[in-house]
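The structure appears below as structure tokens.
Computed from the coordinates by the stated procedures, all read-outs in this text should not be read as laboratory data. All figures in this text were calculated on a predicted structure; none of them were measured in a lab. A quick note on method: Cβ atoms are made from the backbone with ideal geometry, for glycine too, and the neighbour counts reach across all protein chains shown.
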Amino acid sequence: PQVTYVDHDGHETRVDVPLGENVMRGALYSGIEGIVGECGGGLSCATCHCYIDEDWIDTTGGPSSDAEAELLEQVATKLRPTSRLSCQIEITPALDGLVVHLPETQF
Ligand code: FES
């Protein structure tokens with residue numbers, strides 16, 4: 001499935017991310033800056049924050065767990081209703097074409 005990462009300046013990068021991977025690792029594997037993923041997906045760093053594109057909110061849903069919701073409170077940039085921790089978004093066929101927006105900084 002393809003995921004499009006839109007950086008803070010509006011620059012878009014579309015990459016293939018294997019099924020079963022997550023949106024954080026998709027960015028790291030492709031050298032996309034803007035997602036750090038310091039804890040490697042362990043749900044303890046909040047440096048994989050992204051904003052889901054409005055068109056994809058219905059498909060992705062909200063935080064996948066209470067732990068994600070709690071950690072979202074610690075993101076470095078403004079928390080929005082569309083905020084997610086990208087390591088918690090597993091790539092499924094339904095997410096082909098997903099668009100996520102990257103915050104200005106993760107620290
Ligand atoms: Fe650390 Fe997502 S990579 S919380």
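What does the charge count near L102 come to, summing +1 for each Lys or Arg and -1 for each Asp or Glu among other residues with Cβ under 10 Å from its Cβ?
Computed value for this residue: -4.
Just add up the charged neighbours of Q2: K/R +1, D/E -1, any other residue whose Cβ is under 9 Å from the Cβ of Q2. Don't skip to the answer; put the middle values down first.
Values: positive: R14; negative: D16, D96.
For residues surrounding Q2, the net value is -1.
Pick out, from G97, L19, A67, the residue whose Cα sits farthest towards the positive end of the charge dipole of region 2-101, with +1 on the Cβ of Lys and Arg and -1 on the Cβ of Asp and Glu.
A67
Taking only DSSP H segments of four or more residues, each worth -39500 (n - 2.57), what value at 222 nm results for the chain once the sum is divided by all its residues, to the nearest 500 deg cm²/dmol?
Rounded to the nearest 500, the figure is -4000 deg cm²/dmol.
Using only C-alpha atoms and all pairs of different ones, pull out the Kirkwood radius for the chain in Å with one decimal.
13.3
Suppose the chain between T82 and S65 were pulled fully straight at 0.36 nm per residue; how much longer would it get relative to their current alpha carbon spacing? Intermediate results must be reported in sequence, preceding the final value.
Working: separation 17, 0.36 × 17 = 6.12 nm, distance 1.49 nm.
Full extension from T82 to S65 adds 4.6 nm.
I need L43, L71, L85 ordered by Cβ neighbour count within 10 Å, fewest first.
So the residues, fewest neighbours to most, are L43, L71, L85.
Which whole-number percent gives the relative contact order of the chain, counting Cα pairs below 8 Å spaced six or more residues apart?
41
Charges at C-beta only: +1 for Lys and Arg, -1 for Asp and Glu. How large is the resulting dipole of the chain about its Cα centre, in Debye rounded to 20?
Magnitude of the dipole: close to 140 debye.
For I89, which sequence-distant residues (separation of 5 or more, or a different chain) have an amide H within less than 5 Å of its own amide H, given hydrogens modelled in the peptide plane?
Counting only residues 5 or more places away or on other chains, the set is V23, M24.
Which whole-Hz couplings ³J(HN,Hα) result when phi for each residue of region 84-97 is put into the Karplus expression 6.51 cos²θ - 1.76 cosθ + 1.60, θ = phi - 60°, listed in order with x for Gly and Pro?
My calculation for region 84-97 gives 9, 8, 5, 6, 9, 10, 7, 6, 10, x, 5, 9, 4, x Hz in order.
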